[in-house]
1. Checking the structure you have, find out if any residue of the range 17-34 is buried (at least 17 other Cβ atoms within 10 Å of the Cβ), farther than 29 Å from ARG216 by Cα and modelled with pLDDT of 95 or more.
2. With ALA165, ALA189, ALA154 as the choices, which residue is within 11 Å of the chain's Cα centre (by Cα), free of Cβ contacts under 8 Å to residues at least 60 places away in the same chain and not in a strand (DSSP E or B)?
3. Looking at HIS68 and the list (1) crowded, with 20+ Cβ neighbours inside 10 Å; (2) in a helix (DSSP H, G or I), which single condition is not satisfied?
4. Restricting to the range 20-61, what's the tally of residues that are in a loop (DSSP other than H, G, I, E, B) and without any contact (Cβ under 8 Å) to a residue 24 or more places away in the chain?
5. Could you tell me which residue of the range 161-189 is nearest to GLY201 (Cα to Cα), considering only residues that are surrounded by fewer than 24 Cβ atoms within 10 Å (Cβ to Cβ) and in contact with a strand residue (DSSP E or B) (Cβ under 6 Å, 6 or more places away or on another chain)?
6. Identify all residues within the range 102-116 that are surrounded by 14 or more Cβ atoms within 10 Å (Cβ to Cβ) and either in contact with a strand residue (DSSP E or B) (Cβ under 6 Å, 6 or more places away or on another chain) or among the aromatic types (Phe, Trp, Tyr) (or both); write none if there are none.
7. State all residues of the range 75-101 that are crowded, with 19+ Cβ neighbours inside 10 Å, outside any loop (DSSP other than H, G, I, E, B) and in contact with an Asp or Glu (Cβ under 7 Å, 6 or more places away or on another chain); if no residue qualifies, say none.
8. Would you mind stating whether ILE150 is at pLDDT 95 or above, β-branched (Val, Ile, Thr) and closer than 25 Å to GLY231 by Cα?
Amino acid sequence: MTSPHLTILFDNEPGLPGLTTLWGFAALIRLEGCTVLFDTGSNGRVLLRNMATLGLAPETVDLVFLSHPHWDHMGGLDSLLERNPEVTVVLHEGFSKHLIHDLRTLCRELLVVGPDPCQLAPGVFSTGLLESQPAEQGLVIDADGITAAISGCAHPGMEHIVERATPLLGRAPDWAIGGFHLMYADAAAIDRSVRAVRDLGIRCVVPTHCTGEAARAAFMTAFGERCFAGGVGRAIRLDACGHRGA
């Protein structure tokens, strides 16, 4: 692998032909030495079928990261664990205590994140639990000089996930990727979010899942060619943002 890649495996936004589109989100992040499954979508059969179509094996996943306890982000977990029980699963204290208890017997290792940011693997971090309804954690990547903040739904606001990521990286991440939770927002709220994300220093965005059509259009206007399309099957080379200053 020459650079970190992110492939969207599950999305309610269409992407490549031959894949199933359902409400939810999941993405595979392939880094040197670690493959991370970020969320698992709403349906395990569809998740595994989309992975097979894309030539991606569940057995290659090292770490499963769950952003928040909504069905459309954790519905595929059982199916993934049936294929690969040797993974490490990462969730936060806001998940059901019963689920946390049960998962300890279903995976190789379970990591339960509290409110503080923490490192999960080389170049892989959690923002720590962010207060929202529901509580959510973001994933932060720092690999080969490439940095990203990835959200499931950004219930706390994408800008707050970026703000939490910045001290971990020593600068703003290059990328903001995932659901931005703006599909029910009015024009003023969308404008505030776009401005906040841009002013925090984000250079490239992939707004998908619960972002909404109006907000995606606003990000496209603000970021131009540095706004990348989401949708199931999209593969994004994370070096496509170029080097900071480019």
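The values are calculated or read from the model by the stated rules, or taken from the named source; none is laboratory data. Small disclaimer: the values here were computed from a predicted structure and weren't measured. Note that each Cβ is placed from the backbone with ideal geometry, even for glycine, and that neighbours are counted across all protein chains shown.
1. Checked against the condition, which is being buried (at least 17 other Cβ atoms within 10 Å of the Cβ), farther than 29 Å from ARG216 by Cα and modelled with pLDDT of 95 or more, the range 17-34 yields at least one hit.
2. Only one candidate qualifies: ALA154.
3. Among (1) crowded, with 20+ Cβ neighbours inside 10 Å; (2) in a helix (DSSP H, G or I), HIS68 violates only (2).
4. Taking the range 20-61 and keeping what is in a loop (DSSP other than H, G, I, E, B), we get 20-24, 32-33, 39-43, 54-57, 61.
Applying the additional criterion that residues be without any contact (Cβ under 8 Å) to a residue 24 or more places away in the chain yields 55, 57.
Of the residues in the range 20-61, 2 are in a loop (DSSP other than H, G, I, E, B) and without any contact (Cβ under 8 Å) to a residue 24 or more places away in the chain.
5. My answer is LEU169.
6. LEU103, CYS107, LEU110, LEU111, VAL113
7. none
8. Judged against the criteria, ILE150 is a match.
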